[in-house]
Amino acid sequence: SMIVVTFGTFDVLHLGHLRILERAAELGDRLVVGVSSDALNISKKGRAPVFPEHERMRLVGALRCVSEVFLEESLELKRNYLLRYRADVLAMGDDWRGRFDEFSDICRVVYFERTPAISTTALIEKIRL
Ligand code: C2G
């Protein structure tokens, strides 16, 4: 059976997140999601997510299209994660286009268009106002 893997923070879960997960799940039989850790976000984006990692994992894992979640603790471990979860396909949003082509030797790499006009940053701003 075909295994699809994707990665992301999925903070303040929104329709853009759901849509990419649904499209990724369509590519195979099982969708496995690497949810970026709080520490990874602090080091890469300079701020902690609104929702802590265990809550983000619970929310993503509860979606019908998601079979399994794990904690993504380092961007440098992508190849290890893909091998560990036996990925046939790596699916990512096109904000990452080209950045994961190096994994084409172990799985098919697919980029999906982002859903326009929705983002965690925009939601945080809207709530703040
Ligand atoms: N996404 C989308 N449309 C939006 C917003 C997000 O399709 N309007 C997609 C992104 O392209 C990504 C996924 O939803 O594929 C998760 O987005 P983020 O939580 O912003 O993930 P990010 O912090 O970019 O992931 O290894 C990657 C890291 O985990 C970082």
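Just to verify a result, which residue in segment 73-95, among those that are in contact with a strand residue (DSSP E or B) (Cβ under 7 Å, 6 or more places away or on another chain) and within 12 Å of the ligand (Cβ to nearest atom), is farthest from VAL5 (Cα to Cα)? In this case the residue turns out to be ASP94.
Residues in segment 1-53 that are acidic (Asp, Glu) and out of contact with any Ser or Thr (no Cβ under 6 Å at 6 or more places or on another chain): 3 in all. Taking ARG114 as the residue in question, decide whether it is open to solvent by 80 Å² or more (accessible area, probe 1.4 Å), farther than 14 Å from PHE7 by Cβ and within 13 Å of the ligand (Cβ to nearest atom). Yes, satisfied.
If you go through segment 24-44, how many residues are assigned to a helix (DSSP H, G or I) and of a type in the set (Lys, Arg)? Even if it seems obvious, please write down each step before you answer.
Let us first name the residues in segment 24-44 that are assigned to a helix (DSSP H, G or I), namely 24-25, 38-44.
Filter once more, so that each one left must be of a type in the set (Lys, Arg): 44.
The number of residues fulfilling the criteria is 1.
Residues in segment 1-23 that are more than 7 Å from the ligand (Cβ to nearest atom) and not in a loop (DSSP other than H, G, I, E, B): ILE3, VAL4, VAL5, LEU15, LEU18, LEU21, GLU22, ARG23. For segment 60-79, the set of residues classified as of a type outside the set (Val, Ile, Thr) and part of a helix (DSSP H, G or I) consists of GLY61, LEU75, GLU76, LEU77, LYS78, ARG79, listed by residue number.
The values are calculated or read from the model by the stated rules, or taken from the named source; none is laboratory data. It should be emphasised that the depicted structure is a prediction, and the values quoted were computed from it without experimental measurement. Using ideal geometry, Cβ is built from the backbone for each residue, glycine included, and neighbour counts are taken over all protein chains shown. Side chains are part of the model used for accessible areas, which takes the heavy atoms of the whole protein and leaves out ligands, DNA and RNA. Shrake-Rupley method; radii C 1.70, N 1.55, O 1.52, S 1.80 Å.
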